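The structure appears below as structure tokens.
The values are calculated or read from the model by the stated rules, or taken from the named source; none is laboratory data. Source: prediction; values computed, not measured. Quick reminder, even Gly has a Cβ in these numbers, built from the backbone with ideal geometry, and neighbours come from all protein chains shown.
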Amino acid sequence: MKNWHSTLVSPETPILETLRIIDNSALQIALIVDAAGRLLGTATDGDVRRAILKNVSLTEPVSRIMFTHPTTATADVSRDELLAMMKMKDLRHVPVLDAEGRVVDLRRLVDLIGPQERENWVVLMAGGVGKRLQPLTDDRPKPMLKIGGKPVLETIVENFAGHGFRRFYISVHYKAEMIEEHFGDGSRFGVEIRYLREESPLGTAGALGLLPHRPESSFLVMNGDVLTKANIRQLMNFHADSNARGTMCVREYHYQVPYGVIQVEGASLSGIDEKPVQTFLVNAGIYVLEPEVLSLIPSDRCFDMTDLFNLLRERRMSVSVFPIREYWLDIGQVEDFRKANGEYPEVFEKS
């Protein structure tokens with residue numbers, strides 16, 4: 001049983017400090033309690049990410065974002081009753097309280113049912129030529145460039161496998177044989193891999209039209225040139241909680257204007273902002289989709305993920321965004337490749 005005491009925080013605790021507690025605890029939740037240990041609310045990684053999207057400062061107290069009406073249980077509730085309640089309400093955590101409302105335990109669904117392999121498919125887009133990385137990609141596809149002594153795509157597969165994913169589809173086109181020969185059927189990596197062979201480039205979403213049939217549950221799509229430590233379990237939970245048809249991962253991108261920006265009122269100078277930094281949310285190349293969106297993918301023509309998400313919005317189908325706050329790097333240019341090789345040991349090999 002994990003140490004639930006480490007999840008207890010006061011309502012005045014800053015959101016950033018609460019986030020550290022959530023990240024450092026295997027329980028993946030914070031329980032907000034008063035001085036007597038009575039439960040006031042809960043906070044999860046998803047609550048923090050939604051706060052980031054609303055521009056809530058991480059220096060604010062966690063009481064600003066906590067969920068104040070969590071489902072709780074008493075100590076005399078049996079395992080079967082608790083399990084039934086968690087499944088019915090789609091809960092992953094239930095605080096256990098005494099008669100005075102004080103926390104005496106924390107029960108997790110994963111502890112009740114044991115670890116499970118995920119049924120969700122993973123589709124990796126690895127068909128691109130990688131022109132901006134030439135001459136590095138003259139003799140190999142971009143996802144097969146070695147970072148940390150192994151192909152980028154291998155790190156991606158191993159990361160998903162470590163989160164319990166076992167069924168993969170990899171879209172291939174440029175020098176497809178190199179990818180197929182390296183990964184084979186996936187058994188060497190403890191997974192099952194099949195290939196979607198693009199006769200011509202189909203864009204970042206078009207290859208989904210080559211899937212042999214629809215998956216039965218939510219599935220992941222990821223560009224094969226992205227290195228990230230994003231928490232996939234939290235992404236899947238966020239998508240499920242959002243009840244979205246599609247979730248796009250996003251990343252903050254900062255751009256410093258290299259000049260003084262002038263504000264004008266009529267013909268008068270009203271202000272000067274010297275070299276301001278602007279912040280944008282950009283597409284991180286990782287998505288979660290529901291099976292029914294596959295009906296929107298056209299056959300045999302180029303179709304990008306941005307096209308798909310715009311179409312979902314036009315059809316008034318719910319879409320959400322998941323902000324990645326962990327390590328993320330798109331290997332798009334030669335300087336990115338060098339940067340990734342320099343950072344790989346610290347990010348991916350450090351225990």
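Of note:
- Leading residue by the ranking (nearest to Asn231 (Cα to Cα)) among those in region 181-221 that are without any contact (Cβ under 8 Å) to a residue 12 or more places away in the chain and small (Gly, Ala, Ser): Ser187
- Note on region 318-339: among residues that are hydrophobic (A, V, I, L, M, F, W, C) and either under 18 Å from the mean Cα position of the chain (by Cα) or modelled with pLDDT of 95 or more (or both), the one that is farthest from Gln234 (Cα to Cα) is Ile331.
- Qualifying residue in region 27-39 (condition: under 20 Å from Arg92 (Cβ atoms) and among the acidic types (Asp, Glu)): no
Rundown of residues vs (1) of a type outside the set (Phe, Trp, Tyr); (2) within 14 Å of the chain's Cα centre (by Cα); (3) farther than 24 Å from Glu349 by Cα, yes/no style:
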position	(1), (2), (3)
His213	yes, no, yes
Phe219	no, yes, yes
Asp225	yes, no, no
Gly246	yes, yes, yes
Glu252	yes, yes, yes
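Residue-wise test of (1) exposed (fewer than 10 other Cβ atoms within 10 Å of the Cβ); (2) part of a strand (DSSP E or B); (3) hydroxyl-bearing (Ser, Thr, Tyr).
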residue: Val261; (1), (2), (3): no, yes, no
residue: Val264; (1), (2), (3): yes, yes, no
residue: Asp273; (1), (2), (3): no, yes, no
residue: Gln278; (1), (2), (3): no, yes, no
residue: Leu281; (1), (2), (3): no, yes, no
residue: Ile286; (1), (2), (3): no, yes, no
residue: Ser295; (1), (2), (3): yes, no, yes
residue: Pro298; (1), (2), (3): no, no, no
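- Answer residue from region 135-163, given it is in contact (Cβ under 8 Å) with a residue 60 or more places away in the chain, farther than 24 Å from Gly203 by Cβ and assigned to a loop (DSSP other than H, G, I, E, B) and is nearest to the chain's Cα centre (by Cα) among those: His163
- Subset of region 32-50 that is among the aliphatic types (A, V, I, L, M) and either assigned to a loop (DSSP other than H, G, I, E, B) or at pLDDT below 90 (or both) - its residue that is farthest from Leu16 (Cα to Cα): Ala36
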